[in-house]
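The values are calculated or read from the model by the stated rules, or taken from the named source; none is laboratory data. No experiment lies behind these values; they were computed from the predicted model shown. Counting neighbours? That spans all protein chains shown, and the Cβs are built from the backbone with ideal geometry, glycine included. To get the accessible areas, we keep the full protein, side chains included, count just its heavy atoms, and leave off ligands, DNA and RNA. Shrake-Rupley method; radii C 1.70, N 1.55, O 1.52, S 1.80 Å.
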Amino acid sequence: MRDLDVLLQEHRTFPPPAGFRERARVADPALLARAAEDPEGFWAGEAAALQWDAPWDTVLRWTPPHARWFEGGRLNAAVNCVDRHLDGPRRNKAALIWEGEPGDRRTLTYWDLYREVNVAASMLRHLGVRRGDRVAIYMPLVPEAVVAMLACARIGAVHTVVFGGFSPESLRDRINDCGCTVLITADGGYRRGAVVPLKRNADAALAECPTVKHVLVVRRVGGTGPGEAHAQMVEGRDHWWHELAAQVPAECAPESMEAEDLLFILYTSGTTGKPKGIVHTTGGYLTGAAATMKLVFDLREEDVYWCTADIGWITGHSYLVYGPLANGATCLLYEGAPDWPAPDRFWALCARHGVTIFYTAPTAIRAFMKWGDHHVAKHDLSRLRLLGSVGEPINPEAWMWYHQVVGRARCPIVDTWWQTETGAIMITPLPGVTTTKPGSATHPFPGVRAALLDSAGAEVPVGGGLLAITHPWPSMLRTIWGDDARYVSTYFSKWPGRPDLYFPGDGAKKDEDGYLWILGRVDDVLNVAGHRIGTMEVESALVDHPAVAEAAVVGRTHELKGQAIAAFVTLRAGQHPSGTLRDDLREHVARKIGALARPDDVLFSADLPKTRSGKIMRRLLRDIAEGRALGDTTTLADPAVVASLKDQYEAQEG
Ligand code: 7RM
């Protein structure tokens, strides 16, 4: 969590640059006032910008904590993202401009996208997928990944995208949790010049996924050479995408979906070892994604927009696929790493494609800062007009660097706070009206009501508190797949007797001007390089190792990644600490969950600090991992344990 004192010293302000306000989508603060008075009216206006097969009867039905938006309305999300743009000048406009990591390129117009989505939808129907069925997507960032999502939406199937960096076990658990019948994957993808063996991982997962009947495989790395080894095709179960595509009808009529029909499930980490399947529905989600895309990014017809997220995360869903395409935008997609083959790859991409809007994460910004200004300076970024940040708090230094070095002091920055659960941006500047402050996400988006509350539920006018969303919004999660009780207890039970208050799990601060500064998670969820990882997930992976008796995982501040993972481990009898075992444990976690969860530090200890009732005192472990003076240790069963841990940790660091 960030130091409140540092933030309190941040007094720089940045009004919308001259010339920006005049042309902005939102230039009149009166819109905000109107939306604040009548959120449902505001959202209904935004929903009306979509194409509906049947109009809704009711804008919002709210029986806290369950919401239904646009009941009675019918629409198809893929039609809104693709078909809708074909009867006019967007037909031949680039929808997706894609670059693979090795440098290969493809551009798909809206018409191309229409044809590809139809064929993919036909393939899914051919494989027996029906309305409401779940389809897993485990792919590199190639155009087919976007096509696969839209193909599901077209036939009313529910997609669940699993990030390509997740392990076979993580994939298996997600597929089994929601009972997918089809998996769409690729033979591999490229990352830092190496092939990520997606199909091999998928096969390992599928050995324990009884519901999956068919696998559709995009050929990305193979050819007829040794690359083929990346995909062993199982007769009758597996189908090459390009082969099946030639055998199915070129057109596939879209399903007309109810507004509240599921669009997708996306798994995210919480405070237990089991990820939550966040459920999003069609009409409300699309309304939220489309409206925020248009107003937060001030989208114009001629923009070239680039969001650097992967489709495996919510940012990829809302701001790489549904938001931009629902608005008929041109989106850049890039498959690989920011430093491949050199640390200027992102800026080379921006220059080559004339990117005008660039949306990335603070962890990437801090890495760029470290790599040096010259990588940015050598590229023509003069077309950039707006910059965005998402995923974690952005520190004022990184904000200033982004503003000066990337934006050349011309481009507004939108620091956008939101979550997998919120579906769309919730707290953000509007670039034509908001005076920004480095490190502050500023104010709620129109139609969003947020407050800072203390633990008793009283409003905090100025100072630190818990963030709450006090009124439903259309792109909110509807439930957790298969576990509505967990939905209620996780998100709507923070303030007793108030099932109408949504608790996102973040702490925040409000300054004297009413600006919100998000401080970070107040629960056991880590944010490592913008990725949400539950401490319990990592602990479960550690205790799964035969040498481990008990494990406690905490986050510590990390200069680039925001947070790093520190694991405290006690070993079973007969096991001895060693460097080899430490490496082995780190790899074990990477294998179980994915490389993103690999612990940075592993500290062996004879014991963990516990209260007399046996609860691990993470607060003290955090103090140790941060190298701070130890807090109150009087409630410990054995105070000697922490002192010895602290000595060991410091010895290891030193
Ligand atoms: C979009 C996304 C959500 C968590 C959230 C916060 C943190 C996200 C910001 C931020 C400060 C921001 N979804 N977070 N954006 N913190 N300022 N602009 O990241 O579900 O993966 O993570 O990320 O803690 O609760 S997520």
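Just a few scattered comments:
- Taking strands (runs of 3 or more DSSP E) as the structural unit, those lying wholly within the stretch 459-532 and holding at least 3 residues that are open to solvent by less than 30 Å² (accessible area, probe 1.4 Å), under 18 Å from Ile425 (Cβ atoms) and within 11 Å of the ligand (Cβ to nearest atom) correspond to 516-521.
- The set of residues in the stretch 139-163 that are assigned to a strand (DSSP E or B) and in contact with a Leu (Cβ under 6 Å, 6 or more places away or on another chain) contains only Val158.
- So Leu198, is it open to solvent by 30 Å² or more (accessible area, probe 1.4 Å) and modelled with pLDDT of 95 or more: no
For every residue, the table says whether it meets (1) touching a helix residue (DSSP H, G or I) at 6+ places or on another chain (Cβ under 8 Å); (2) more than 21 Å from Val548 (Cα to Cα).
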| site | (1), (2) |
| --- | --- |
| Pro609 | yes, no |
| Ser613 | no, yes |
| Arg618 | yes, no |
| Leu621 | yes, no |
| Gly631 | yes, yes |
| Thr635 | no, yes |
| Val642 | yes, no |
| Lys646 | yes, no |
| Ala651 | no, yes |
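- Residues that are in a strand (DSSP E or B), over 18 Å from Met149 (Cα atoms) and in contact (Cβ under 8 Å) with a residue 40 or more places away in the chain within the stretch 164-214 comprise Phe166, Tyr190, Arg191, Val196, listed in sequence order.
- Selection within the stretch 623-644: residues that are buried (at least 18 other Cβ atoms within 10 Å of the Cβ) and modelled with pLDDT of 85 or more. The member of this set that is nearest to the chain's Cα centre (by Cα) is Ala625.
- Exclusive hit being more than 15 Å from the ligand (Cβ to nearest atom) and more than 17 Å from Thr308 (Cα to Cα), set Met400, Met426: Met400
Here is a yes/no grid of residues against (1) of a type in the set (A, V, I, L, M, F, W, C); (2) within 20 Å of Val528 (Cβ to Cβ); (3) in a helix (DSSP H, G or I); (4) without any contact (Cβ under 8 Å) to a residue 60 or more places away in the chain:
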| site | (1), (2), (3), (4) |
| --- | --- |
| Thr292 | no, no, yes, no |
| Trp306 | yes, no, no, yes |
| Asp310 | no, yes, no, no |
| Glu392 | no, yes, no, no |
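- Unmet requirement for Thr272, which otherwise passes all of (1) away from the ligand (no atom under 16 Å from the Cβ); (2) more than 17 Å from the chain's Cα centre (by Cα): (1)
- Failed item, numbered, when Thr271 is tested on (1) at pLDDT below 95; (2) under 30 Å from Asn527 (Cα atoms); (3) crowded, with 24+ Cβ neighbours inside 10 Å: (3)
- Residues that are within 11 Å of the ligand (Cβ to nearest atom) and either modelled with pLDDT under 95 or surrounded by 24 or more Cβ atoms within 10 Å (Cβ to Cβ) (or both), drawn from the stretch 403-421: Val414, Asp415, Thr416, Trp417, Trp418, Glu421
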